[in-house]
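First comes the structure, then the notes that go with it.
The values are calculated or read from the model by the stated rules, or taken from the named source; none is laboratory data. Everything numeric here is computed off the predicted structure, so don't read it as measured data. Every residue, glycine among them, receives a Cβ derived from its backbone with ideal geometry; neighbour counts consider all protein chains shown.
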Amino acid sequence: MTREDLQGIAERYLEAWQRHDPPAIAQYHALNAVTESPTYATLRGRKAIEDAARAFISSFPDAALTVDTILVDSPRVAMFTTVSATHANEFFGMPGTNRRIEFRNAWLIEIDADGLIAHERRIYDFTGLLLQVGILRAKPAKP
């Protein structure tokens, strides 16, 4: 697969996220794909990946994803994004707070020979996200 092919797959995958389309998000993954996420742990298979996408989009229905950079090193792609959203609905047992969140995300994916995501690892500050939503509270640092 060429660099341009992999770049196109990554861009279309991120567009599915931008459209808030969990079935389309899942379809970019191989049937037995594995996704590792700080929020949803290790997901195995399209159904689990689709369910997690649906849960995130439900909690943050106005989520906007800005693509900062996409790097390709066949068969791997690294995508760096910024996510901003409003916590509108239940998230880890906490009802919507209408608080704004923003976090940077690194997506490390490996594409198989069929052009599908075989493995995905998402890296972001989950603790910071929980602080922004209000699930966790930080104590001020002592001087």
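Things to note:
- Residue identified as in a helix (DSSP H, G or I) and in contact (Cβ under 8 Å) with a residue 24 or more places away in the chain among ASP62, ASP68, ASP51: ASP51
Residue-wise test of (1) modelled with pLDDT under 95; (2) closer than 17 Å to TYR13 by Cβ; (3) of a type in the set (Gly, Ala, Ser).
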residue	(1), (2), (3)
VAL77	no, yes, no
GLY115	no, yes, yes
ARG122	no, yes, no
PHE126	yes, no, no
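- Subset of the stretch 12-45 [within 25 Å of LEU129 (Cα to Cα), charged (D, E, K, R) and more than 11 Å from the chain's Cα centre (by Cα)]: GLU15, ARG19, ASP21, ARG44
- In the stretch 79-126, the residues that are surrounded by 14 or more Cβ atoms within 10 Å (Cβ to Cβ), within 18 Å of the chain's Cα centre (by Cα) and in a loop (DSSP other than H, G, I, E, B): HIS87, ALA88, ASN89, LEU116, TYR124
- Long-range neighbours under 7 Å by Cβ, at least six apart or interchain, first residue assigned to a helix (DSSP H, G or I) within the stretch 2-31, second surrounded by 16 or more Cβ atoms within 10 Å (Cβ to Cβ) and among the basic types (Lys, Arg): PRO22/ARG54; ALA26/ARG46
- Hits in the stretch 39-53 (condition: in contact with a strand residue (DSSP E or B) (Cβ under 7 Å, 6 or more places away or on another chain) and either within 20 Å of PHE103 (Cβ to Cβ) or surrounded by fewer than 18 Cβ atoms within 10 Å (Cβ to Cβ) (or both)): THR42, LEU43, ARG44, GLY45, ILE49, ALA52
- Test result for LEU136, crowded, with 16+ Cβ neighbours inside 10 Å and either aliphatic (A, V, I, L, M) or touching a Lys or Arg at 6+ places or on another chain (Cβ under 6 Å) (or both): no
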